[in-house]
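Take a look at the structure below.
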Amino acid sequence: MKKLIASILLGVFILSGLYPTIYATENEITNELQEEVKEEVKEEVKEEVAEKDEELPLQQEQSETEESVIEEPGVEENEKQEKTEELPIVEAESVIQEELQMNYINSQQPRQEEITVNETVKATPENYTGRMNIEEPTNNQTVILPNANSLKVKGWAVSNDSQATLRVYINNQYIKNATTRVNRPDVDYLVSPSYGGTTNTPKAGFEVDLDISSYAEGNYTIKIEEVSRNGLIVCKEERTIRIAQTKYTGKMNIEGPTNNETVTLPNANLLKVKGWAVSNDTQATLRVYINNQYIKNATTRLN
């Protein structure tokens, strides 16, 4: 028993002496392991940092490349832009070509204004011509008012423009168009052939009535213009007239009663007055007075 206890104590003593050494050894081993782990971790961190540093320029280049792709259009976008810029030019050239083609087609077709006249005269806006003559009133003719409240103007006019019109003026003031045309065989034979004949001017004569009742006495110019379809005057004629007011005059004679005749009442309750009266006024009237007192008009007229 004593030997067993002694062995145990001896073992404890030995273990107690070895404990610091074992503990120190374990600590050294632990520290070494920790250092190795730290070194490995540091190496891994360094490698990761190095890899990131190597990848960073590549990412920057890739980013710059992507930005350049965004900022600078590629070939397809440049082609689209060039096509977009060229589109108005192509459209303009197309329009110009169409206009040139239409102008060529129009130039090959006769213009509407071009009319062949007797195979010698070609009527165009540049060479429309005409001729006219005012036959009434004559130059310096006197027109008496109010017997003539209307002035008749007539004559003839021809032109190589089938759509020519006649405009009438008094003292350069437009009044109306001479729309009444009449046949004039003499003009058709003598004058019209030089202006396309009756094809262009079927009726060479014209007549127009002008109301001059409101015009005062004086001289007036009657003008007629022949105007082509494009508004140009191809010919014109003028006549000067004088408008005058009529000085009315008249004459009469009372045949009964005779002068100083005696009338007996009540045998003669009515006094017959008779005679004759004339005047250059067709609307003149006869008024009957006794001692300057108006009685009635003499309305019974006899041959």
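The values are calculated or read from the model by the stated rules, or taken from the named source; none is laboratory data. Keep in mind that what you see is a predicted model, and the values were worked out from it rather than measured. Quick reminder, even Gly has a Cβ in these numbers, built from the backbone with ideal geometry, and neighbours come from all protein chains shown. Protein only, heavy atoms only, side chains kept; ligands, DNA and RNA dropped before computing areas. Shrake-Rupley method; radii C 1.70, N 1.55, O 1.52, S 1.80 Å.
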### Query
Sorted by accessible area with a 1.4 angstrom probe, largest first, how do ASP186, ASP281, ASP161, ASP211 fall?
ASP211, ASP186, ASP281, ASP161
### Task
Provide the gained length on full extension for the span ALA244 to ASN177, in nm with one decimal, where the gain is 0.36 nm per separating residue minus the Cα-Cα distance.
21.6 nm
### Query
If ligands, DNA and RNA are left out, what is the accessible area of TRP156 with a 1.4 Å probe, given in Å² to the nearest 10?
30 Å²
### Summary
Quick shape check on segment 231-294: root eigenvalues a ≥ b ≥ c of the Cα gyration tensor, a/c under 1.5 is rounded, otherwise prolate if a/b tops b/c, else oblate, and it reads prolate
### Message
Rounded, prolate or oblate for segment 153-252? Axes are the square roots of the Cα gyration tensor eigenvalues, ordered a ≥ b ≥ c, and the cut-off for rounded is a/c under 1.5.
### Response
prolate
### Query
When only the heavy atoms of the protein chains count and the probe is 1.4 Å, how do ARG167, ARG301 rank by accessible area, highest first?
ARG301, ARG167
### Summary
Length gained, LYS274-ASN230, 0.36 nm per residue minus C-alpha separation, equals 9.0 nm
## Note on the structure
When the charge dipole of segment 158-214 is computed with +1 at the Cβ of Lys and Arg and -1 at the Cβ of Asp and Glu, the Cα pointing farthest to the positive end, of GLY205, SER159, VAL187, is that of SER159
### Query
Under a point-charge model restricted to the Cβ atoms of Lys and Arg (+1) and Asp and Glu (-1), what is the dipole moment magnitude of segment 156-303 relative to its Cα centre, in debye to the nearest 20?
480 debye
### Task
Tell me the GluC sites (Glu not before Pro) within segment 121-230 that lie in a loop according to DSSP and have at most 14 other beta-carbon atoms within 10 Å.
GLU126, GLU217
### Task
Between beta-carbons, use under 15 Å as the cut-off and find the net charge around GLU225, counting Lys and Arg +1, Asp and Glu -1.
+3
### Query
Once a ≥ b ≥ c are taken as the square roots of the eigenvalues of the Cα gyration tensor of segment 124-205, is the result rounded (a/c under 1.5), prolate (a/b larger than b/c) or oblate (a/b not larger than b/c)?
prolate
